[in-house]
Structures are given as structure tokens and as C-alpha cells.
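Asker: Dropping a structure here in C-alpha cells format, bear with me for questions.
The values are calculated or read from the model by the stated rules, or taken from the named source; none is laboratory data. Source: prediction; values computed, not measured. Note that we place each Cβ from the backbone using ideal geometry, even for glycine, and neighbour counts take in every protein chain shown.
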Amino acid sequence: MAVKIDIQQTIIPVEMGDLTFYFDMGDTSMKGVFKTFRGLIDEALAVEKTEDELEAMTSEELDKFNEESKAFCKKALDYLLGNGAFEKLYALSPSTTILVGYFHAVVDGLGEEIARRNGMEKATKYMGPVGQ
């Protein structure tokens, strides 16, 4: 009896409302993701402000902060979901705060799907949590 294994595609569809974006988990793409993602995290931390810092900002400083946050969201979402993703999502939800939430949801969802496709769930089932 033959063992049959389905061929997997490298593309992960990401559905958000009526929109569908595509993330490529191929080797070339993933190499770029690992290199770029660290920079995105550093950039996000540089933009991040505490509630006290936000309350102490002048109107002009808040405007600058909002523009920096919006620029980060555009860079991150367009990188993960393809050029133009930010504009499409911002047209539906014109809030940087909401788009930051979308970014986190996309990263979490992609991480889970990549782990599922790589068999990490099955490995954990049989071998227990990795690194413990």
C-alpha cells in the first residue's frame, strides 16, 4: 500500500472581510520576512508611547505620532499582505488603532498556519512542548 502525501502550496490566503490577501511562505519570502520582521519590531517599539506620554503631547506632537503610526502600519501590512493592502484596509477601517490590531491578528494567524503546515501541532502532541 502506498503512502499518499498531498502537495502543499506556499501561498496562505488571508481573508479580512470581503478582501483576500496572499502571504507567500516559500523559502525566499520567509528569508526576507525573518530579516525584515526584526526591523519592523524595532520600528514599532520606537513609535510606541505610553498613555502618560500620549496625554502629555501637544496637538502637533499627536499629529506627528499618528502619522508615524500610520506609516508603520502601511509598511508592515503592505509587506506581509502585498502592496496596496494598507490602503484597502484603511478605506474600510480608517483608524490606525484598528489597523495595528489587524497587523497583530495577521501575524498571529500566519504564525499559527505556518506551524500547522509544518506539523508543529503534531510534533507537540507526540513529543510535548518544544524547549521544556
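Asker: Can you find a residue in region 67-76 that is more than 13 Å from VAL14 (Cβ to Cβ), over 13 Å from the mean Cα position of the chain (by Cα) and free of Cβ contacts under 8 Å to residues at least 12 places away in the same chain?
Answerer: Looking through region 67-76, at least one residue is more than 13 Å from VAL14 (Cβ to Cβ), over 13 Å from the mean Cα position of the chain (by Cα) and free of Cβ contacts under 8 Å to residues at least 12 places away in the same chain.
Asker: Residue check, SER93 against (1) polar (S, T, N, Q); (2) modelled with pLDDT of 85 or more; (3) farther than 26 Å from GLY17 by Cα, all met but one. Which one?
Answerer: For SER93, the exception is condition (3).
Asker: Sticking with this one: Looking only at region 47-65, decide whether some residue is modelled with pLDDT under 90, farther than 27 Å from PRO13 by Cβ and of a type in the set (Phe, Trp, Tyr).
Answerer: yes
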